[in-house]
Amino acid sequence: MKKSTVTLVDVAEKAGVSVMTASRALSGEGYASEKSRTKVQAAAQALGYAPNALARMMKGGRTNVVGIVINDLSSAVTNAFASALSAELRRYEMDLFIYDAMGDLGGGKGKRLSQLLHGLWDGLIYVLPRMSDDYLKTLEASSSPIILINYCRHETSLPVVRGDNVNGSHDAVSHLVDLGHRRIAFVRGSVYTGQSAERESGYRAGLQDAGLEVAPELVREGDFSEASGLEAGRALLALPEPPTAIFAANDAMALGCVSAVRASGLRVPEDISVVGFDDVPMAAVVQPGLTTLRHPIPAMAQAAVQELMRRIRQEPGRRQRIEFPSEIVIRESTGPGPAAVARRGRGRRVAG
């Protein structure tokens with residue numbers, strides 16, 4: 001029997017059950033005994049039967065497919081989320097569709113977005129910290145179950161699962177202040193996301209709480225790329241009074257700053273401490289290991305999938321915003337600043 005001709009009736013006959021039981025066993029909707037479910041699944045596999053998602057959708061049923069929308073395949077953070085979401089969806093026996101929206105985010109009424117919102121999936125998870133206002137408005141007007149991950153540029157009626165950027169950044173500055181640093185620089189990320197602005201807000205609040213002023217020359221522009229971190233690092237080191245520590249809005253820019261420090265003949269952290277944000281895999285293996293902030297990606301993915309399933313099933317207890325705290329991961333890229341060294345020096349006594 002050719003695969004294209006296999007029907008649900010064929011599967012039911014081979015398994016020795018009714019068509020209704022076969023449908024329930026394969027869709028997971030309605031009761032089917034474990035024995036029947038096993039027989040039906042074995043028959044479907046033997047015959048090469050694949051349920052028609054379009055037919056199920058037209059009958060008002062679910063397709064058991066979830067779309068994950070991303071816009072940067074090169075991002076370690078995006079890939080980590082995609083992997084964690086995939087693992088969580090498998091627990092619900094849901095299939096996964098990944099859509100790269102790169103280049104589609106400028107407008108909200110394009111043909112591609114319309115096709116995406118009316119695709120053969122039960123819901124969509126957007127791992128997009130950046131999108132245009134029109135694009136967001138189109139998503140908000142959609143009847144599809146949609147979850148946003150790490151979107152924080154504007155308030156939205158869509159449910160959002162996100163990490164805490166402000167308090168995490170405050171913790172990074174506090175860590176550097178505790179080490180004795182007083183001239184602490186900040187490298188911004190892209191202006192098109194809310195994450196950079198929130199991380200800068202935490203940086204400024206951390207300095208203020210430590211009784212320190214924000215020196216305008218110590219805040220530099222970046223775009224979340226390593227190259228922009230390298231450029232910002234060079235500019236900071238060229239100042240008449242360079243910083244003793246640099247906090248970058250993500251790990252890629254922090255690693256660029258480390259390269260700038262080394263190229264200038266200085267050392268990390270002996271001469272300048274560096275802190276990043278995101279805890280990408282590279283942060284743990286570079287030398288020195290990068291001190292950074294971490295969001296709990298597996299827990300965030302789990303929360304996103306659970307919230308999406310509640311909305312697909314129209315269950316009670318739905319939530320609009322789920323926020324997870326940041327955790328500071330202290331590695332070798334941060335060390336004592338001049339203030340701490342000076343304090344130790346004042347405490348020494350010379351015998352004689």
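What follows is calculated from the coordinates using simple rules that are stated; it is not laboratory data. For clarity, every value in this text was computed on a predicted model and none was experimentally measured. Counting neighbours? That spans all protein chains shown, and the Cβs are built from the backbone with ideal geometry, glycine included.
What the table shows:
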read-out: Residue exposure sequence - 212, 237, 290 - by fewest surrounding Cβ within 10 Å; value: 212, 237, 290
read-out: Efficiency of FRET from Cβ geometry, residue 7 and residue 327, R₀ 41 Å, rounded to 0.05; value: 0.20
read-out: Phi-based couplings in Hz for region 171-179 (Karplus 6.51, -1.76, 1.60; Gly and Pro marked x); value: 5, 4, 5, 4, 4, 5, 5, 4, 7
read-out: Fewest-first sequence of 35, 14 by Cβ atoms within 10 Å of each Cβ; value: 35, 14
read-out: Cβ-derived FRET efficiency at R0 56 Å, residue 41 paired with residue 215, nearest 0.05; value: 0.30
read-out: Gained length - residue 284 relative to residue 91, 0.36 nm times residue gap less alpha-carbon distance; value: 66.6 nm
read-out: Calculated FRET value between residue 120 and residue 241, using beta carbons and R₀ = 45 Å, to 0.05; value: 0.15
read-out: Placed amide H near residue 293: partners under 5 Å, 5+ positions off or other chain; value: 276, 277, 278, 279, 329
read-out: Ascending count of other beta-carbon atoms within 10 Å, so fewest first, for 131, 309; value: 309, 131
